[in-house]
1. Could you work out the local net charge near T93, counting Lys and Arg as +1, Asp and Glu as -1, over the other residues with Cβ closer than 14 Å to its Cβ?
2. Can you tell me the 0 to 90 degree angle between the C-alpha axis of helix 332-345 and the longest principal axis of the chain, rounded to 10?
3. Using only the alpha-carbon atoms, how far is helix 431-445 inclined from the longest principal axis of the chain? Give it as 0 to 90 degrees, nearest 10.
4. By how many nm would the segment from N140 to Q536 grow when fully extended, if each residue of separation counts as 0.36 nm and the alpha-carbon distance is taken off?
5. Contact order normalised by length for the chain, with contacts defined as Cα pairs under 8 Å and 6 or more residues apart; what percent is it?
6. Among 402-409, 555-562, how do they line up by average Cβ neighbours within 10 Å per residue, starting with the highest?
7. Evaluate the charge dipole of the range 2-521 about its Cα centre and quote only its size in Debye, nearest 20, assuming +1 on the Cβ of each Lys and Arg and -1 on the Cβ of each Asp and Glu.
8. In vacuum, with every alpha carbon of the range 2-521 counted as one equal point scatterer, what does the Debye formula give for log10 I(q)/I(0) at q = 0.08, 0.13 Å⁻¹? Two decimals, please.
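Read-outs throughout are calculated quantities, based only on the coordinates presented, and are distinct from any laboratory measurement. Bear in mind the structure is a predicted one, so any value in this text is a computation, not a measurement. We place every Cβ from the backbone using ideal geometry, glycine too, and count neighbours over all the protein chains shown.
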Amino acid sequence: MELLFLCVVVFLFLLAVFDLSVGVSNDAVNFLNSAMGSKAAPFKRIIIVASIGVFLGAAMSNGMMDIARHGIFRPEHFSFYDLMCIFMAVIVTDVILLDIFNSLGMPTSTTVSMVFELLGATFVVSLIKMATDTPDLGFNDLLNTEKALSVILGIFLSVAIAFFFGTIVQFIARLVFSFNYRSHLKWKIGIFGGICATAIVYFLLIKGTKDLAFMTPELKVWINGHTMVIILCCLAGFTLLMQLLHALRVNVLKVIVMMGTFALAMAFAGNDLVNFIGVPLSGLSAFTDYAANGNGDPHTYLMGALNGPSDTSVWFLIGAGVIMVVSLATSRKARKVSQTEIGLGSQEAGDEMFGSSRIGRRLVRWAIHLVNWARNATPPSVRRWINRRFNIDETIMDQGAAFDLVRGSVNLVLAGALIALGTSMKLPLSTTFVTFMVAMGSSLADRAWGRESAVFRITGVISVIGGWFITAGAAFLGAGILVLAMHLGGITVMIILALLTVAIIIRSNLRFKRAQKESAEGGDTLFRTIISTSDQTQIWPMLLMYITGNQEQFIAYARDTYTGITHAFVNDDVKPLYKAERTLADGKKKLKNARRKETLCLRKLSQSMALEKSAWFYTSNNCCMSILYNLHRINEVCKEHVENNFLPLPVQYAADFAVIRTRIETLFNDTLALTQSGDIDTVATLRRHCDEIKDTLSATYHRLQGRIHRDDPKTMAVLYVYLNLLQESQEMISGIRKYLRAFAKLIDSNYSTRSQIREQRQE
């Protein structure tokens with residue numbers, strides 16, 4: 001029996017390795033985003049600085065895992081078997097849950113997930129115990145619900161406080177430095193750098209190093225008694241140092257950003273390590289105690305020994321640090337999560353990954369009214385002065401940066417200061433929540449949320465905040481369900497679920513890599529290149545490639561969809577029609593998203609070029625959307641007919657339509673070849689083919705109208721569907737014809753004149 005439980009402990013540590021990897025991938029946004037978004041240093045240098053902070057924080061952690069040992073449950077009332085089920089359920093749920101959030105690119109809190117997983121698993125085991133073994137015990141005897149309530153309170157406090165102060169502090173910082181910050185440094189940078197560096201030191205003393213091994217109780221008492229003296233000395237020293245560095249032509253803002261990155265990385269590893277290895281280490285302690293003192297029955301041996309403190313071996317901490325550093329440097333999912341926050345705070349409109357929501361639209365509308373009221377209440381001279389300080393056209397950013405170094409510094413320093421202040425005031429502020437909401441508040445103050453992006457940005461923020469609460473609920477329910485299965489199924493179920501978790505993670509990573517490859521091939525890389533390019537002469541060739549690539553994909557999709565729908569209708573097969581219904585909805589979203597991205601790129605063109613190309617761009621895009629609507633209407637009527645098992649299309653009509661469908665497929669293929677080659681000399685010929693197909697469809701339509709009442713009355717229902725198919729096909733061909741001309745005009749604005757001359761010569 002001991003051997004089996006030893007295997008369970010080994011599985012706990014194996015899953016902890018995965019948990020460390022996925023956890024770091026998600027929490028990396030807390031300390032990487034400001035440096036990455038502002039391009040304070042090359043990516044490798046940022047990773048090196050963050051890795052040093054992570055490793056030092058992990059290696060010097062004191063290893064006190066009290067939350068996992070007795071912070072949520074009362075171990076003296078739980079047996080060894082109960083706790084092994086709880087620990088296994090928690091670690092399995094945590095790995096799967098964090099990996100899901102990483103794959104979605106959504107930041108979440110590892111503290112929230114661990115606390116609610118422990119709470120959910122313990123809640124279910126407590127119900128079992130109260131129903132069977134110990135009916136005299138209540139929830140107050142088995143659970144510590146105060147921790148869960150403090151976490152929920154921490155979410156609300158972190159969101160409100162961080163967003164408010166992020167907005168206010170960034171607004172003041174921008175008034176001081178403006179977007180053209182290099183012309184306003186002089187003596188200001190020394191004071192600003194001194195304040196920022198002092199705030200970082202204060203954060204490290206109060207939060208970052210408070211739980212590290214070298215922080216003895218005596219040292220903590222001395223720091224608490226001399227905090228003000230330390231702050232004043234640091235302020236004076238760092239102010240002089242920063243002013244000196246500025247005189248030596250060192251970019252002080254980059255120094256501040258890298259210091260903040262190091263401090264947050266070190267604090268994260270030192271304080272959040274419990275979220276990843278606390279559970280397996282508690283499981284190891286439980287197994288050690290059971291093996292030494294147990295009576296052989298894991299169901300009756302109580303684990304009161306876990307009430308005592310545990311000092312973790314330094315080798316476990318070093319190993320955890322190594323895994324975290326490797327994951328930080330290699331995880332692509334970490335970069336995707338980072339892109340979410342960076343994208344929501346980007347100074348310029350870009351690839352908005354979140355759509356529009358009703359609450360987002362209403363909040364933007366209310367904000368517009370509030371801003372208009374404030375603008376009218378502000379004296380004109382003050383308003384003009386503020387507008388000069390917030391002149392976005394003077395923004396100084398490195399190539400590819402999402403925001404400037406001023407905002408990057410404010411994000412890191414303010415997040416650290418708020419976390420340290422909250423810790424000193426016993427407020428349960430979360431590192432994840434504070435860093436994210438400070439970044440959102442600062443982006444709002446910087447006017448990064450413009451009229452055309454605000455709805456998407458607010459929807460994204462609401463989605464992330466909602467994800468935090470979903471994390472709590474999913475962690476509670478997931479751990480509860482798994483612990484029930486393990487408690488009833490025994491060690492066999494534990495091992496099976498552990499192996500299944502490993503398989504899920506491997507499969508998830510493979511799918512993620514495949515999705516990333518498809519995304520890169522799908523033009524996202526080209527879009528980001530266009531957005532970041534400042535040379536207007538290079539933009540149109542890249543944009544034309546981007547537009548034609550998207551339209552090429554759509555034409556191929558429309559051809560396959562039309563063939564699939566019509567073939568399914570003729571052959572009385574409903575499954576392809578169900579599939580088409582789903583893909584058409586996705587196709588509409590893709591078209592709208594592509595149009596939004598392409599519109600953003602159009603704004604990068606010169607005004608004359610944008611005016612010349614925009615009309616034909618929108619015409620071609622509208623034609624594609626019209627074709628999509630035609631396909632939707634065809635599929636809707638055909639699906640309703642086929643799924644109700646009505647009579648299929650008679651053979652003679654199916655044979656006639658087969659010829660028409662072949663001609664339409666050929667037209668699609670020729671149009672696709674045109675988008676691939678860009679040879680607009682074939683446009684006139686293709687447009688004549690469109691006219692010929694339309695004439696054929698029209699003749700077939702009118703012929704069917706004349707015959708429909710003479711045919712068998714039983715076939716009238718299917719013939720009406722066939723009429724709709726012919727009519728919508730005719731409209732679709734008209735859309736293709738218009739698209740061909742719009743595409744030609746995109747390539748060459750003089751297309752009409754050239755084509756007319758060519759046609760006259762042919763006549």
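1. On the way: positive: none; negative: D19, D94, D99, E117.
Here the charged neighbours net out to -4.
2. 80 degrees
3. 50 degrees
4. Working: separation 396, 0.36 × 396 = 142.56 nm, distance 6.77 nm.
That works out to 135.8 nm of additional length.
5. Working: 1041 pairs, mean separation 166.9, N = 763.
Reported relative contact order: 22 percent.
6. With the highest mean Cβ count within 10 Å placed first, the list reads 402-409, 555-562.
7. Details: 39 positive and 31 negative charges, 573 e Å.
In debye, rounded to 20, the range 2-521 gives about 2760.
8. -0.53, -1.25
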